[in-house]
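The values are calculated or read from the model by the stated rules, or taken from the named source; none is laboratory data. Because the structure is predicted, anything quoted here is derived from the model rather than measured. Cβ sites come from the backbone with ideal geometry, for glycine too, and all protein chains shown count toward neighbours. SASA here: full protein model, heavy atoms, side chains in, ligands and nucleic acids out. Shrake-Rupley method; radii C 1.70, N 1.55, O 1.52, S 1.80 Å.
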Amino acid sequence: HTAHLMLHVTAANGGPWDLDLPLPLSCGAPVSGILADPGDVTADGRSDVAVAYANSAQPTRLQVRDGATGAVLFTRTLARAGYVPIAAVTVPSFADSPAAEVAVLLTGPDRPARVVVVDAASGRKIRACSMPATATYLDIEVLPSPGGSAPPRLAVLSVGANGAALVLIRDAATGRPAGRAGFGRDLDPAT
């Protein structure tokens, strides 16, 4: 966009003059972002930080930064442009890494929602899975495995086209369905 500024100039040796000064303006695309706490990824005794972010023209990314220095430890692409991070959760370590994993729930117009799990220490993508396209997805949480002997499960809150709240449960390591719980239309708003 261009704003036009009118400048009225007078001087001892002439004028007045009216000058049109064009001022070009540009705005960056809005950025959507969510935070997760991956714990102490660098093993320095301080908690580090993870942020999943996207703007309309670039792929969705996950970036982990050192909590002490702010240095970028890694940046990982999660999905192509058009996806937006909705929620993120820290998953207790299960992928042969001393650090936790981060699971991010992504949605996009005319695209199936996705859950992407990334190792918070290495940036390695562990799993990505698509969710059924018949719902609106709102949140993701961790369900620890019974006895801690298996990878945790992820609970994804959704609202179906009929308005009923539904929690879809996925295995964090494989992305396979591991159950579901329906709550009907009584949760308003579903949170």
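Within region 60-191, what whole-number % of the accessible surface is contributed by carbon and sulfur, with the 1.4 Å probe and all protein chains included in the calculation? Show your work: numbers first, answer last.
Numbers: 3250 of 6350 Å².
Carbon and sulfur together cover 51 percent of it.
On a full-extension model of 0.36 nm per residue, what is the gain between ASP66 and ASP18, subtracting their alpha-carbon distance, rounded to one decimal in nm? The partial results should precede the final answer.
Values: separation 48, 0.36 × 48 = 17.28 nm, distance 5.41 nm.
Contour length minus Cα-Cα distance gives 11.9 nm.
Find which of ALA81, ALA3, GLY45 sits farthest along the positive direction of the dipole of region 1-109, computed with +1 on the beta-carbon of Lys and Arg, -1 on that of Asp and Glu, about the Cα centre.
ALA81
Report Rg (one decimal) and Dmax (nearest whole number) for region 50-165, counting Cα atoms only, units Å.
My reading of the Cα-based Rg and Dmax gives 14.6, 48 Å.
Once you place label points 7 Å from the Cα toward the Cβ at ARG185 and ALA43, how far apart are they in nm?
5.5
At q = 0.13, 0.17, 0.19 Å⁻¹, what log₁₀ I(q)/I(0) does region 118-191 have when each alpha carbon counts as one equal point scatterer in the Debye sum?
-0.43, -0.69, -0.82
Gain in length, THR174 to ALA3, computed as 0.36 nm per residue apart minus the alpha-carbon separation, to one decimal in nm?
Working: separation 171, 0.36 × 171 = 61.56 nm, distance 5.35 nm.
Here the answer is 56.2 nm.
In vacuo Debye scattering of region 15-78, one point per C-alpha: log10 I(q)/I(0) at q = 0.17 Å⁻¹?
Result of the Debye calculation: -0.68.
Let's see if you can work this out: charge +1 on each Lys and Arg Cβ, -1 on each Asp and Glu Cβ, no other charges. What is the dipole magnitude of the chain about its Cα centre, in debye to the nearest 20?
Numbers: 15 positive and 16 negative charges, 146 e Å.
In total the dipole reaches around 700 debye.
Mind checking the full-extension length gain between LEU143 and THR10? Use 0.36 nm per residue of separation minus the Cα-Cα distance, one decimal, nm.
Working: separation 133, 0.36 × 133 = 47.88 nm, distance 7.28 nm.
Result for the pair: 40.6 nm of gain on full extension.
Starting from the Kirkwood radius over alpha-carbon pairs of region 59-100, derive D by Stokes-Einstein at 25 °C in a medium of 0.890 mPa s and give it in µm² s⁻¹.
Details: Rh = 12.2 Å.
Calculated translational D: 201 µm²/s.
In square angstrom, what is the accessible area per residue of region 21-132 with a 1.4 angstrom probe? Let's see the in-between values first.
Details: 5400 Å² over 112 residues.
Accessible area per residue: 48 Å².
Can you give the log10 of the normalised intensity I(q)/I(0) at q = 0.10, 0.13, 0.19 Å⁻¹, computed with Debye over equal Cα scatterers of region 1-122?
Those come out to -0.46, -0.59, -0.97, one per q.
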